[in-house]
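Asks: Below you'll find the structure I mean.
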Amino acid sequence: MEAGELQDITISVLAIAIAFSIGKLAFFPIILLTVGVGFVAHELMHRFAANHYGARAFYRAWPEGLLFMLATAIISGGRFLFAAPGAVYIYSSYLSRRENGIISLAGPLTNILLAIVFLFLSVAVGLRGTPNAELLAQSLLSFGTYINLYLAFFNLLPIPPLDGSKVAAWNFPLWAFIMVILTFLLFVG
């Protein structure tokens with residue numbers, strides 16, 4: 001990973017953590033940790049999947065996306081944010097629709113897996129100790145679940161250049177199945 005890429009990821013993680021913290025500033029350290037894990041894992045999985053198919057890939061921040069993300073978070077009081085502070089840019093002489101779909105799906109599936117891990121831990125871990133320790137653990141696990149589900153859902157919206165547009169173009173039934181589950185988990189369940 002080159003220095004410019006690491007700088008762009010760091011700036012993006014800080015910006016998305018600030019955006020998710022609007023209205024919840026007391027939880028900023030926990031949000032920073034869970035966003036950092038979810039966001040970095042999401043982008044790295046795109047990169048690994050692209051490399052698997054012989055493509056070059058690297059992350060670049062999108063300054064306009066960073067500003068728009070922060071603006072939507074502030075305007076909505078933290079209830080919505082346009083979570084696109086940057087993207088993994090992929091360079092290849094040829095990628096099939098299937099390969100491009102799989103590369104695009106790798107990031108959101110990583111967030112879904114992380115959300116499941118956070119959710120499992122929140123159920124499996126017996127929270128014992130001081131009330132502050134219990135609040136800290138509960139906050140970490142609930143933010144970890146929510147943020148990763150949100151990142152997966154947002155990135156799977158079928159709007160170019162988001163991942164969902166490429167996944168839906170490759171395998172619409174799979175995209176629809178995942179979106180129904182994410183919609184239920186985020187907005188109904």
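Asks: Sort through 151, 182, 141 and tell me the only one that's in contact with a Gly (Cβ under 8 Å, 6 or more places away or on another chain) and within 18 Å of residue 20 (Cβ to Cβ).
Replies: Only one candidate passes the filter, namely 151.
Here is a yes/no grid of residues against (1) under 24 Å from residue 140 (Cα atoms); (2) part of a helix (DSSP H, G or I):
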| site | (1), (2) |
| --- | --- |
| 26 | yes, yes |
| 33 | yes, yes |
| 49 | no, yes |
| 60 | no, no |
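Asks: Give all pairs with beta carbons closer than 6 Å in which a residue from segment 25-48 that is within 16 Å of residue 155 (Cα to Cα) meets a residue that is aromatic (Phe, Trp, Tyr) and at pLDDT 95 or above; count only pairs at least 6 apart in sequence or on separate chains.
Replies: If the second residue must be aromatic (Phe, Trp, Tyr) and at pLDDT 95 or above, the pairs left are 35/20; 43/59.
Asks: Would you check which residues across segment 162-178 are under 22 Å from residue 62 (Cβ atoms) and either at pLDDT below 95 or over 19 Å from the mean Cα position of the chain (by Cα) (or both) and list them? Full working, then the answer.
Replies: Initial filter on segment 162-178 (under 22 Å from residue 62 (Cβ atoms)): 162-169.
Within segment 162-178, just 169 meets the criteria.
The values are calculated or read from the model by the stated rules, or taken from the named source; none is laboratory data. None of the values given here were measured: they were computed from a predicted structure. In this analysis, Cβ positions are derived from the backbone assuming ideal geometry, glycine residues included, and neighbour counts consider all displayed protein chains.
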